[in-house]
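S.K.: Got a structure for you, written out below as structure tokens; questions coming shortly.
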Amino acid sequence: MDTKQNVRVAAVQAAPVFMDLKGTVAKTVKLIEEAAEKGCDLVVFPETWVPGYPWFIWLNTTMANMKYFGRYNENSLVVGSDEFDTIAQAAKDNNIHVSVGASERDHGSLYISQFLFGRDGSLLSGRRKLKPTHQERTVFGDGDGSDLCVSETDIGRVGQLACWEHLQPLSKYAMYSMHEQIHCGAWPSFSAMPQAYALGPEVNNAASQMYAAEGQCFVIGACGMVSDEMIDMLVENDEHKELISAGGGHAVIYGPDGKLLVDKIPHDQEGLLIADLAINAITIAKVFADPVGHYSRPDVTRLLFNRLPQPCTESHTPEAATFDLDQVEDVLE
């Protein structure tokens, strides 16, 4: 497939219509249309953009959060649903690649998922976060290596990871090994738990920057926001006020040398961060350090990458039994 050498991309910095599946999908379509109108080839949405990141898990005990679980599940995205197909159709109608983060509902379980749609609306890949982080494990299940992949497109080899997967050295190396060129990084917001420095914008933007420099690829770091409406819904006391605030958007786009390609917008302002990528810049970056090529030492350290699906159930159909009628008659006699 011929790859475009000049690619325009957009990182979404916005808040969803929180725990409102239809409302968030409608906003998704509008942002896809806006990105396409501005000439973008790819638009990237934040982690669990649909129907929003469940910030209540960091504010309350699990029992106290039971009042949210039903609504959150009901408004999570189901593959093949009308809402899912609406996003796919928007990609097709606007001739644009779309990477969207979602809380995916698969029967009785939820997963932190990312879906990559092609220009024609086809689903190029759908993946689940390998290991939800800390409190996320009270809501979401694990993914596996079967969907840790990059997709070949006309804008290059496109991959996806969510949030603190960018702090997992082996998962990153698995992505690098597939020669990723454009990376869709999905982040929720950086306005919660200010006491925890590792959850703030400095560390997490640095993780995106280092991913770009380590993998010699472009990184589009979409970032969610906490809206005033979300604050009204979630903040119930003074303790909550100290743990979360509105804003927290820190979308970024980095080049394969780690350079910030476009200035960030204010953390409390919604918008699209747009940059033009010169794909051939990857060639120069790779000359200096290719971690899965000339700059590797597989004789010393190497990665075991299990890409097999890990289903809960394996079904085996027994072979049809055959009987020799004469033998049966002999036994009966």
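Every number in this text was worked out from the coordinates using simple rules, so none of it is lab data. Please read these numbers as outputs of a predicted model, since none were measured by experiment. For neighbour counting, all protein chains shown are included, and Cβ atoms are generated from backbone atoms with ideal geometry for every residue, glycine included.
S.K.: Cβ-Cβ under 6 Å, sequence separation 6+ or interchain: first residue in region 120-136 and touching a residue at least 40 places away in the same chain (Cβ under 8 Å) and more than 14 Å from Ala186 (Cβ to Cβ), partner part of a helix (DSSP H, G or I) and not aromatic (Phe, Trp, Tyr). Which pairs?
M.R.: If the second residue must be part of a helix (DSSP H, G or I) and not aromatic (Phe, Trp, Tyr), the pairs left are Gln135/Ile57.
S.K.: Which residues, taken from region 92-106, are under 21 Å from Val7 (Cβ atoms) and either in contact (Cβ under 8 Å) with a residue 60 or more places away in the chain or in contact with a Gly (Cβ under 9 Å, 6 or more places away or on another chain) (or both)?
M.R.: The answer is Lys92, Asp93, Asn94, Ile96, His97, Val98, Ser99, Val100, Gly101.
S.K.: Does any residue in region 153-181 that is farther than 14 Å from Gln114 by Cβ and in contact (Cβ under 8 Å) with a residue 60 or more places away in the chain come within less than 8 Å, Cβ to Cβ, of a residue that is hydrophobic (A, V, I, L, M, F, W, C) and assigned to a helix (DSSP H, G or I) six or more places away or on a different chain, and which pairs are these?
M.R.: The qualifying pairs are Gln181/Ile282.
S.K.: Continuing with the same structure: Looking at region 279-302, which of its residues are exposed (fewer than 14 other Cβ atoms within 10 Å of the Cβ) and either touching a residue at least 60 places away in the same chain (Cβ under 8 Å) or part of a helix (DSSP H, G or I) (or both)?
M.R.: Once the filter is applied, which keeps residues that are exposed (fewer than 14 other Cβ atoms within 10 Å of the Cβ) and either touching a residue at least 60 places away in the same chain (Cβ under 8 Å) or part of a helix (DSSP H, G or I) (or both), region 279-302 yields Asn280, Thr283, Ile284, Val287, Phe288.
S.K.: From the list Val7, Val12, which one is assigned to a strand (DSSP E or B), over 16 Å from the mean Cα position of the chain (by Cα) and not acidic (Asp, Glu)?
M.R.: Val7
S.K.: Between a residue in region 239-255 that is closer than 22 Å to Val7 by Cβ and any residue that is of a type in the set (Ser, Thr, Tyr), which pairs come within a Cβ distance under 8 Å, given they are 6 or more apart or on different chains?
M.R.: As it stands, the answer is Val252/Ser208; Tyr254/Ser208; Tyr254/Tyr211, since those pairs meet every condition given.
S.K.: Any idea which residue in region 64-76 is surrounded by the fewest Cβ atoms within 10 Å (Cβ to Cβ), counting only those that are farther than 18 Å from Leu243 by Cβ and of a type in the set (A, V, I, L, M, F, W, C)?
M.R.: So, considering only residues that are farther than 18 Å from Leu243 by Cβ and of a type in the set (A, V, I, L, M, F, W, C), the one surrounded by the fewest Cβ atoms within 10 Å (Cβ to Cβ) is Met66.
Let's see how each residue does on (1) touching a helix residue (DSSP H, G or I) at 6+ places or on another chain (Cβ under 8 Å); (2) surrounded by 17 or more Cβ atoms within 10 Å (Cβ to Cβ); (3) among the β-branched types (Val, Ile, Thr); (4) not in a loop (DSSP other than H, G, I, E, B):
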{"site": "Ile32", "(1), (2), (3), (4)": "yes, yes, yes, yes"}
{"site": "Pro46", "(1), (2), (3), (4)": "no, yes, no, no"}
{"site": "Tyr53", "(1), (2), (3), (4)": "no, yes, no, no"}
{"site": "Thr61", "(1), (2), (3), (4)": "no, no, yes, no"}
{"site": "Thr86", "(1), (2), (3), (4)": "yes, no, yes, yes"}
{"site": "Gln89", "(1), (2), (3), (4)": "no, no, no, yes"}
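S.K.: Now for a separate question. If we scan region 110-117, do we find a residue that is surrounded by fewer than 24 Cβ atoms within 10 Å (Cβ to Cβ), hydroxyl-bearing (Ser, Thr, Tyr) and within 22 Å of Gly141 (Cβ to Cβ)?
M.R.: Yes, because at least one residue in region 110-117 is surrounded by fewer than 24 Cβ atoms within 10 Å (Cβ to Cβ), hydroxyl-bearing (Ser, Thr, Tyr) and within 22 Å of Gly141 (Cβ to Cβ).
S.K.: Hey, another quick one. Touching a strand residue (DSSP E or B) at 6+ places or on another chain (Cβ under 8 Å), closer than 13 Å to His97 by Cβ and touching a residue at least 60 places away in the same chain (Cβ under 8 Å), is that true of Lys38?
M.R.: No; evaluated as a whole, the condition is false for this residue.
S.K.: Taking region 145-183 as the search range and keeping residues that are over 14 Å from the mean Cα position of the chain (by Cα) and closer than 21 Å to Arg105 by Cα, which one is surrounded by the fewest Cβ atoms within 10 Å (Cβ to Cβ)?
M.R.: Ser146
S.K.: In region 107-119, which residues are touching a residue at least 24 places away in the same chain (Cβ under 8 Å), small (Gly, Ala, Ser) and assigned to a loop (DSSP other than H, G, I, E, B)?
M.R.: Gly118
S.K.: Determine whether region 182-202 contains at least one residue that is in contact with a Ser or Thr (Cβ under 6 Å, 6 or more places away or on another chain) and in a strand (DSSP E or B).
M.R.: Within region 182-202 (the criterion being in contact with a Ser or Thr (Cβ under 6 Å, 6 or more places away or on another chain) and in a strand (DSSP E or B)), the answer is yes, since at least one residue qualifies.
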